Amino acid sequence: MATEAFEDIAETFEFLDDWEDRYRHVIDLGRAMPELEDAFKVPATKVSGCASQVWLVPEVEGTGAAALITFRGDSDAMIVKGLIAILHALYSGLTAGAVLKVDAIAELERLGLNEHLSSQRSNGLRAMVERVRSIAEHASRS
């Protein structure tokens, strides 16, 4: 149940045979993301559980399970910013109800990230997924 943007990333990963090329692609995805203004880099938007500093700023349009979810994000590490870009592609534009149905771990496994990220980065990625799910859960109850 991935978005078209995530499918595009998955297709690109299929064509990149070498993990180093995939790693560079993740970094390029992060570089393409707009920087988050310093005013949003506050404790309320910071994701705990990440080795790097990570901020996710939710943008919710509407209420309940039909609320559209998107977010902006940033990190002080380029690879992590790329992971944020991948999560943005996976979730943005989905309704809160649809976000909660996405099996993020299965979708991310399609990219082979688990095999190549350090345990700290994998834990941070899971923390980011949980933050997005929390945003969706909160929106669903509104």
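The values are calculated or read from the model by the stated rules, or taken from the named source; none is laboratory data. Remember, it's a predicted structure, so these values are computed and weren't measured experimentally. Here the Cβ is made from the backbone with ideal geometry for all residues, glycine too, and neighbour counts use every protein chain on show.
Might you let me know whether the range 65-75 holds any residue that is under 15 Å from the mean Cα position of the chain (by Cα) and among the hydroxyl-bearing types (Ser, Thr, Tyr)? Yes, the range 65-75 has at least one match.
Condition check ((1) in a helix (DSSP H, G or I); (2) in contact with an Asp or Glu (Cβ under 8 Å, 6 or more places away or on another chain); (3) farther than 18 Å from Gly49 by Cβ) across all residues:
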| position | (1), (2), (3) |
| --- | --- |
| Ala98 | yes, no, yes |
| Glu107 | yes, no, yes |
| Leu111 | no, no, yes |
| Arg121 | yes, no, no |
| Arg126 | yes, no, no |
| Val129 | yes, no, no |
| Val132 | yes, no, no |
| Ile135 | yes, no, no |
| Ser140 | yes, no, yes |
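Scanning the range 30-73 for residues that are surrounded by 16 or more Cβ atoms within 10 Å (Cβ to Cβ) and touching a residue at least 60 places away in the same chain (Cβ under 8 Å) returns Val47, Cys50, Ser52, Val54, Leu56, Pro58, Val60, Ala65, Ala67, Ile69, Phe71. The set of residues from the range 83-137 being out of contact with any helix residue (DSSP H, G or I) (no Cβ under 6 Å at 6 or more places or on another chain), surrounded by 14 or more Cβ atoms within 10 Å (Cβ to Cβ) and basic (Lys, Arg) comprises Arg121, Arg126, Arg131, Arg133.
Each row is one residue, and each column tells you yes or no for (1) modelled with pLDDT of 95 or more; (2) within 27 Å of Asp17 (Cβ to Cβ); (3) of a type in the set (Lys, Arg).
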position: Val54; (1), (2), (3): yes, no, no
position: Val57; (1), (2), (3): yes, no, no
position: Glu107; (1), (2), (3): no, yes, no
position: Arg110; (1), (2), (3): no, yes, yes
position: Ser119; (1), (2), (3): no, yes, no
position: Ser122; (1), (2), (3): no, yes, no
position: Ser142; (1), (2), (3): no, no, no
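Within the range 48-69, track down each residue that is assigned to a helix (DSSP H, G or I) and on the phi > 0 side of the Ramachandran plot. Step through it out loud before you land on a result.
Kept after step one, since they are assigned to a helix (DSSP H, G or I), are these residues of the range 48-69: 64-66.
Passing the criteria: only Gly64.
In the set (1) assigned to a strand (DSSP E or B); (2) farther than 19 Å from Asp28 by Cβ, the condition left unmet by Arg72 is number (2). Evaluated against (1) surrounded by 16 or more Cβ atoms within 10 Å (Cβ to Cβ); (2) in a helix (DSSP H, G or I); (3) modelled with pLDDT under 95, Glu20 falls short on exactly one condition, (1).
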